[in-house]
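Values quoted throughout were computed directly from the atomic coordinates according to the rules given, and no laboratory measurement underlies them. What you see is a predicted model; the values in this text were computed from it and never measured. Note: ideal-geometry Cβ built from the backbone for every residue, glycine included; neighbour counts use all protein chains shown.
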Amino acid sequence: MLTNSSILITGGTGSFGHTFVPMTLAKYNPRRLVIFSRDEMKQWEMAKLFSDDPRVRFFIGDVRDKERLLRALDGIDFVVHAAATKIVPIAEYDPFECVKTNVLGAMNLIDACIDRKVKRVVALSTDKASSPANLYGATKLVSDKLFIAGNAYAGAHDTRFSVVRYGNVMGSRGSVIPFFLSIANNGVLPITDGRMTRFMITLEAGVELVWHAFDDMAGGEIYVKKIPSMKVIDIARTIAPEARHEIVGIRPGEKLHEQMIGPEDAPYTYEYNSYFKILPAIWNWSKDDARINGGQKVAEDFTYCSNSNKEWMEIDTLRAWIDKNRDKIGRI
């Protein structure tokens, strides 16, 4: 579907964009791949990596600016929405800025994609949007619902919107693995809570989930990939086996465990080999065969949480992954 197309990714200079762009160029050979973001320095640095590839374009802009989005989306077929204000404590202390990007920015993008006749849009979401306990999660829940409703809002237009949701991205900038690595020599690692668990997904697996969504979507689906969990204290033991652990307490708005599918979503959730799909509760879309597409309905009390997950990552598996990817952990 993406072959010889024009693709735009918002927030494209972030961790996801740095993985999505080279993987998509290699697999699909798009005609044009546009990185849309507001940080000119990050664009400048990223442009050096693709200076010899005429398919890659850079467009400075902010999802808060609808007019700029309309200009950037001219001739675009597919959009990946990765732009977000996402650091939990910052969102707690600067809530208006988080709302402007995550909610108003989503509305701007939906409107602009419909007006520019974009074919398909996949928005990146987070475990924190499921039963949100912090402002970031609440804004992403609103964003998810906006993108789902955008399929009806499009009216006679063919633009379709779906969402992908996943948890902690291994090695991404600002995440726990590069943080622990940066202070491992101190001999002490801060642990928020000894019981804390997190889902573990690689950026490559996240990109593949977006590709699958583009291929599978009828509009309105939330895709949740099956991934392993790990205790944060075991992540610390992997990185610095001899370090002492200091319990520092949970940060404002932080959850003890990650949840990607809550009990309220269970009546509309279907299971597949490597992922789940939450269908919209509105307009009877959850009963639509095209959206179900062979899935198996989950149990009425089903939840998908990091502490009750069936699949767990072993310390040796994480250690091997860190050894293989050490040169790029936390860099993007």
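For this structure, a couple of remarks:
- Residue check for ILE227: part of a helix (DSSP H, G or I), on the phi < 0 side of the Ramachandran plot and among the hydrophobic types (A, V, I, L, M, F, W, C): no
- Residue in the range 134-143 that is outside any helix (DSSP H, G or I) and closer than 19 Å to VAL164 by Cβ present: no
- Unique match (being in contact (Cβ under 8 Å) with a residue 40 or more places away in the chain, of a type in the set (Val, Ile, Thr), surrounded by fewer than 23 Cβ atoms within 10 Å (Cβ to Cβ) and in contact with a strand residue (DSSP E or B) (Cβ under 9 Å, 6 or more places away or on another chain)) among ILE227, ILE222, ILE233: ILE233
- Residue within the range 290-301 that is of a type outside the set (Lys, Arg), under 20 Å from the mean Cα position of the chain (by Cα) and either on the phi > 0 side of the Ramachandran plot or surrounded by fewer than 15 Cβ atoms within 10 Å (Cβ to Cβ) (or both) present: no
- Scanning the range 49-69 for residues that are among the hydrophobic types (A, V, I, L, M, F, W, C) and within 22 Å of VAL142 (Cα to Cα) yields VAL63, LEU69.
- Scanning the range 181-195 for any residue that is of a type in the set (Val, Ile, Thr), farther than 18 Å from CYS305 by Cα and without any contact (Cβ under 8 Å) to a residue 12 or more places away in the chain turns up at least one such residue.
- Of all residues in the range 150-171 being of a type in the set (Gly, Ala, Ser) and either over 20 Å from the mean Cα position of the chain (by Cα) or closer than 13 Å to ALA123 by Cα (or both), the one that is surrounded by the fewest Cβ atoms within 10 Å (Cβ to Cβ): ALA156
- Those residues of the range 147-201 which are over 19 Å from MET313 (Cα atoms), in a loop (DSSP other than H, G, I, E, B) and among the polar types (S, T, N, Q), in sequence order: THR159, THR192
- Applying the criterion of being out of contact with any Pro (no Cβ under 9 Å at 6 or more places or on another chain), surrounded by 16 or more Cβ atoms within 10 Å (Cβ to Cβ) and aromatic (Phe, Trp, Tyr) to the residues of the range 13-54, the residue that is farthest from ALA213 (Cα to Cα) is PHE36.
- THR10 falls short of the stated requirement of being surrounded by 15 or more Cβ atoms within 10 Å (Cβ to Cβ) and out of contact with any strand residue (DSSP E or B) (no Cβ under 9 Å at 6 or more places or on another chain).
- Residues (among the hydrophobic types (A, V, I, L, M, F, W, C) and under 14 Å from the mean Cα position of the chain (by Cα)) located in the range 123-146: ALA123, LEU124, ALA129, LEU141
- Top-ranked residue of the range 60-71 - restricted to ones that are touching a residue at least 40 places away in the same chain (Cβ under 8 Å) and surrounded by fewer than 23 Cβ atoms within 10 Å (Cβ to Cβ), ranked as nearest to ARG31 (Cα to Cα): LEU70
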